[in-house]
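Here the structure is laid out as structure tokens; the discussion comes afterwards.
Rule-based calculations on the coordinates, nothing more; no lab input. The shown structure was predicted, so the numbers you read here are calculated from the model rather than taken from an experiment. Here Cβ is always computed from backbone atoms with ideal geometry, including for glycine, and neighbour counts include all displayed protein chains.
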Amino acid sequence: MEQKNYITSLCSIKNGIVSLDGVSGFSDKSIDGVDFIKAAYKEYQLSYPKFYKMDNLCKLAFVASELLLKNNPLTKKYASQDIAIVIANSASSLEIDTEHQRTISDKNNYFPSPSVFVYTLPNILIGEIAIRNSIKGENSFFIFDKFDAEFMSSYINSILDSSKAKCCITGWIELYENKYEAFLYTVEQQEGTLKTEHTAQELKKLYNH
Amino acid sequence: MKLESYIVADNIISPLGFSSSENFEQLKQKKTGVKRLESSELSSEPVCAALVDTQKLNSEFAKLTTNNIEAKEYTRLEKMVLLSINDCLKQNSNIDITSKKTLIILSTTKGNVDLLDPTLASKFDKKRVYLWETANVIAQHFINPNKPLIVSNACISGVLAIILGKRLLETNQYDTIIVSGVDILTRFVVSGFQSFKAISNEVAKPYDAKRDGISLGEGCGTVVLTNKVSSIKYQVSRIVVSGGASSNDANHISGPSRTGDGLFLAIDKTLKESNIKASEVDYISGHGTATIYNDDMESIAITDAKLAAVPMNSLKSYFGHTLGAAGVIESIIGLQSMRENTLIGTYNFNELGVTMPINIIKNTQAATVNNCLKTSAGFGGCNAAVFFQKVENN
């Protein structure tokens with residue numbers, strides 16, 4: 001039952017540039033580091049009160065997922081339990097981990113907070129995307145030293161081929177020490193406007209673009 | 001033909017022992033690893049948790065490395081994983097960890113997060129706090145040629161890692177998968193759960209009317225899966241991973257869904273993949289953290305899945321909540337229950353106090369246990385389930 005899977009939409013946010021389906025959108029290289037994420041949120045007039053409670057990693061994931069799913073509204077085409085979310089990165093939640101650590105290192109200035117601690121798990125960003133879009137399918141968060149096109153393509157293809165999901169929101173969401181990178185895309189079993197098969201080779205091309 | 005995922009070795013490193021059988025023996029004797037600790041390293045106030053004895057860990061580890069020429073420093077967490085995998089390798093000489101067809105999967109929520117503490121940070125390279133570096137150190141120790149996979153998905157990580165192992169064996173890219181789940185007790189984690197006011201002042205009381213929060217724990221569990229029939233010929237009882245699935249509640253990042261629909265979905269997909277009816281399930285190893293909301297949610301999901309009559313326990317009052325290790329450690333106890341046809345009573349459980357009447361095992365008892373459903377749930381609204389089954393020897 002060999003069938004093909006396709007990359008059907010793509011959003012990347014890095015180096016002060018938002019790009020959708022390979023076309024450059026909002027860009028402002030004068031904005032330093034992670035402040036660009038908030039600037040993009042405003043530029044695209046996104047509106048979600050919970051955004052301001054999120055840590056930076058989730059904010060990045062949120063903006064990328066909003067733009068991706070506006071472009072390709074998977075939730076209108078698929079049942080909530082048939083949409084998988086599989087994300088990876090390198091630094092896990094180390095950005096907010098460091099912040100939590102700061103609140104507990106000094107016994108005389110000890111103030112751990114649940115609103116910080118809750119974000120000290122990388123998969124919280126999957127939860128945020130799931131809540132926003134009522135998505136209930138498969139969940140997985142992986143850690144790699146760098147984006148692994150081979151693993152991501154073969155694993156996602158295997159869960160679609162074995163009918164564990166009908167489509168998938170997947171990619172790389174990384175943020176640490178004021179550097180950030182989102183490369184988020186959708187995979188479906190029908191060829192979309194991008195006309196790109198979901199193979200490691202195609203994925204590498206898009207990622208390195 | 002579908003390739004099966006056979007269990008060929010397993011190990012638990014916990015305060016209750018350094019092997020699966022040692023741990024199971026302690027559980028049968030109703031011994032818990034959770035104690036009231038007065039450790040200023042972990043918390044300024046006393047906290048109930050299950051802590052691995054550091055002296056024992058170091059002395060066992062010293063035995064492991066005596067023949068090793070490289071005098072490399074390992075972290076507390078890495079020592080647990082190395083001991084755990086090493087014990088698995090000793091159990092079955094057919095496991096070739098140096099083979100290109102063998103992959104290590106590490107399941108952890110926080111890895112070497114203790115290295116963020118300024119007092120420890122200087123002892124290791126800065127990159128050691130990255131989970132992929134921790135996994136590389138482990139793979140290099142065993143001269144495994146493949147880049148390890150790391151699953152970090154809150155408290156369902158361990159169950160997810162086992163499911164992932166099964167899926168990778170089905171594609172035949174590998175013939176052996178070593179799944180290690182590990183997390184350590186740190187001030188980082190203790191302070192976080194304290195800030196949530198989620199920790200009980202006593203040993204946790206899963207599913208009980210008087211439950212009032214979790215107990216934390218630490219440890220490592222390792223299971224070795226294979227699709228090679230040649231590796232299993234000497235196994236007395238053969239157990240396979242026959243299905244598994246994950247889901248999201250899409251409800252709240254730090255609280256479980258009130259309806260249990262996410263967990264129900266994961267269980268439902270798991271039983272369908274395993275080709276098993278709810279009435280055929282012998283035993284459920286629940287998540288049972290002993291928070292009010294988690295245990296209530298589970299009781300609803302289990303009831304909706306028509307599993308309310310199935311004997312079920314939680315092991316959190318023995319091991320504490322071991323986070324990324326929990327799914328693996330608790331699955332291994334499930335395997336031991338199947339091997340010994342013995343169901344473990346839930347420590348500290350007296351009177352059922354969850355929304356729906358489920359069948360919580362109070363006292364350890366003999367029973368026919370041909371299969372086990374392991375469930376888990378975690379922050380981020382995630383849920384996962386995995387199913388283990390005995391298969392006929394032929």
Looking only at region B:132-186, which residues are more than 25 Å from B:GLY334 (Cβ to Cβ) and either more than 13 Å from every other protein chain (Cβ to nearest Cβ) or under 16 Å from the mean Cα position of the chain (by Cα) (or both)? B:GLN140, B:HIS141, B:PHE142, B:ILE143, B:ASN144, B:PRO145
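For every residue, the table says whether it meets (1) crowded, with 20+ Cβ neighbours inside 10 Å; (2) over 15 Å from the mean Cα position of the chain (by Cα); (3) among the acidic types (Asp, Glu); (4) under 30 Å from B:SER191 (Cα atoms).
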position	(1), (2), (3), (4)
A:ASP32	no, yes, yes, no
A:LEU46	no, yes, no, no
A:LEU57	yes, no, no, yes
A:VAL63	yes, no, no, no
A:LYS76	no, yes, no, no
A:GLN81	yes, yes, no, no
Quick check: anything in region A:98-109 more than 7 Å from chain B (Cβ to nearest Cβ), farther than 20 Å from A:LYS204 by Cα and among the hydrophobic types (A, V, I, L, M, F, W, C)? no
Check region B:72-84 and report whether any residue there is surrounded by 14 or more Cβ atoms within 10 Å (Cβ to Cβ), under 21 Å from B:ILE344 (Cβ atoms) and under 21 Å from the mean Cα position of the chain (by Cα). yes
If you take the residues in region A:158-196 that are within 14 Å of chain B (Cβ to nearest Cβ) and among the aromatic types (Phe, Trp, Tyr), which one is surrounded by the fewest Cβ atoms within 10 Å (Cβ to Cβ)? A:TYR176
For region B:1-31, which positions are among the hydrophobic types (A, V, I, L, M, F, W, C) and surrounded by fewer than 19 Cβ atoms within 10 Å (Cβ to Cβ)? B:MET1, B:LEU3
Please determine, by comparing only the residues of region A:74-87 that are facing another protein chain (nearest Cβ under 9 Å) and among the hydrophobic types (A, V, I, L, M, F, W, C), which one is farthest from B:PHE193 (Cα to Cα). A:ALA84
Residue pairs meeting the criteria (Cβ under 7 Å; at least 6 apart or on separate chains; first more than 7 Å from chain B (Cβ to nearest Cβ), in region A:117-137; second hydroxyl-bearing (Ser, Thr, Tyr)): A:TYR119/A:SER93; A:ILE129/A:SER65; A:ARG132/A:TYR48; A:ASN133/A:THR75
Among the residues that make up region B:131-149, is at least one of them surrounded by fewer than 20 Cβ atoms within 10 Å (Cβ to Cβ), in contact with a Lys or Arg (Cβ under 9 Å, 6 or more places away or on another chain) and in a loop (DSSP other than H, G, I, E, B)? yes
Boolean, B:THR226 is touching a residue at least 24 places away in the same chain (Cβ under 8 Å) and either hydroxyl-bearing (Ser, Thr, Tyr) or within 20 Å of B:GLN336 (Cβ to Cβ) (or both): yes
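One line per residue, one yes/no per condition, for (1) crowded, with 24+ Cβ neighbours inside 10 Å; (2) assigned to a loop (DSSP other than H, G, I, E, B):
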| residue | (1), (2) |
| --- | --- |
| A:HIS100 | yes, no |
| A:THR103 | no, no |
| A:ASN109 | no, yes |
| A:PRO112 | no, yes |
| A:SER115 | no, no |
| A:ILE129 | yes, no |
| A:ILE135 | yes, yes |
| A:SER140 | yes, no |
| A:PHE151 | no, no |
